[in-house]
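Heads up, the thing below is written out as structure tokens.
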Amino acid sequence: MTEIHQIYPPTAAGPLTTEDIERLYTYPDCTSPYVAVNFVSSADGAVEVDGIARPLSTPPDRVVLQLGTDLADVVLVGANTATVEGFTGVKPTDRRAERRRRFGLSETPVTAVVTATGRSLDPSAPVLRDTLVPTIVFTCAAVPEDLRARWTDAGADVVLVGDGTVDLTAAVAELGRRDLYRVNCMGGPALFGSMAEAGMVDELRLTVAPFVVSGEAARIARGAGMDPARLELVSVITGDDTLLIRYRVGDSSPT
């Protein structure tokens with residue numbers, strides 16, 4: 001593993017073991033959903049290269065990104081991101097299985113996809129068909145019924161949360177009703193923007209990758225806009241010229 005050091009808080013500065021990083025990125029014990037949003041961004045704020053985020057990822061970013069999934073109950077993602085990035089359902093590995101056993105988690109985290117239009121989610125998409133447990137699709141009544149039926153035929157668990165748009169508060173509450181409390185949100189920017197506007201984000205896990213991209217690439221949040229949300233810096237670690245930052249969003253004390 002790439003050598004990773006903690007630099008904030010300064011009282012905890014120093015080299016980190018795998019177990020140390022696990023402790024930093026473990027979700028809190030809670031009885032309601034705790035939503036952690038993951039993004040990688042270039043130093044100049046780009047979240048994509050030629051439409052995908054993968055070229056910006058570095059070895060330390062992949063370490064914490066993997067941890068986000070390994071320690072989650074559910075991976076939440078927007079339909080466009082799931083399609084563009086080639087998401088499948090989460091697959092077991094020896095390391096993931098051992099880690100999840102050690103933390104008392106189910107064998108495989110669930111994947112949940114959000115789509116308000118259905119346009120980005122083809123019923124043949126790997127995120128629906130290449131899975132070990134059924135993918136949850138959060139959508140709304142405005143999406144054609146025949147398309148929703150095709151998602152169901154593909155093996156998805158289709159959940160209506162809203163009429164003309166997806167009610168994200170209701171979607172997160174539904175995860176809670178299913179005891180899926182540790183939520184690893186993988187974006188994209190539209191989903192993050194909407195989640196933030198709805199006050200549904202507890203933690204931002206931001207990787208600042210050592211690249212300059214320029215161009216017209218998106219930033220990590222997109223939406224109607226909101227009053228600035230104050231963030232509390234929780235930890236900063238570094239390795240391979242990469243900064244990995246955790247912020248707590250607002251009053252995000254677990255319950």
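Bear in mind these aren't lab numbers, they're just calculated from the coordinates by the rules spelled out. Given the structure is predicted, the values throughout are model-derived calculations rather than measurements. No Cβ is skipped: glycine too gets one built from the backbone with ideal geometry, and neighbour counts run over all protein chains shown.
Observations on the structure shown:
- The charge dipole of the chain, taken about its Cα centre with unit charges on the Cβ of Lys, Arg, Asp and Glu (plus for the first two, minus for the last two), comes to roughly 320 debye.
- Square roots of 5 times each gyration tensor eigenvalue, C-alpha, region 147-255, largest first, Å: 29, 19, 15
- GluC sites (Glu not before Pro) restricted to region 81-149 and DSSP loop, no more than 16 other C-beta within 10 Å: 107
- In sequence order, calculated HN-Hα J values of region 199-214 (Karplus, 6.51, -1.76, 1.60; Hz; x Gly/Pro): x, 9, 9, 9, 8, 10, 10, 10, 9, 9, 8, x, 9, 10, 10, 6
- Here, region 104-207 is characterised by an Rg to Rh ratio of 0.95, where Rg is the alpha-carbon radius of gyration and Rh the Kirkwood radius.
- Its alpha carbons give region 34-118 an Rg and a Dmax of 13.9, 39 Å.
- Around residue 233: net Lys/Arg minus Asp/Glu count, Cβ-Cβ under 9 Å: +1
- Think of region 1-140 as having a plus end and a minus end, set by charges on the Cβ of Lys, Arg, Asp and Glu; of 12, 30, 60, 30 sits farthest toward the positive end of this dipole.
- Evaluated over the chain, the Cα radius of gyration and Dmax, each in Å: 17.7, 57
- Listed residue (188, 233, 220) projecting farthest to the positive dipole end of region 155-255, Cβ model: 233
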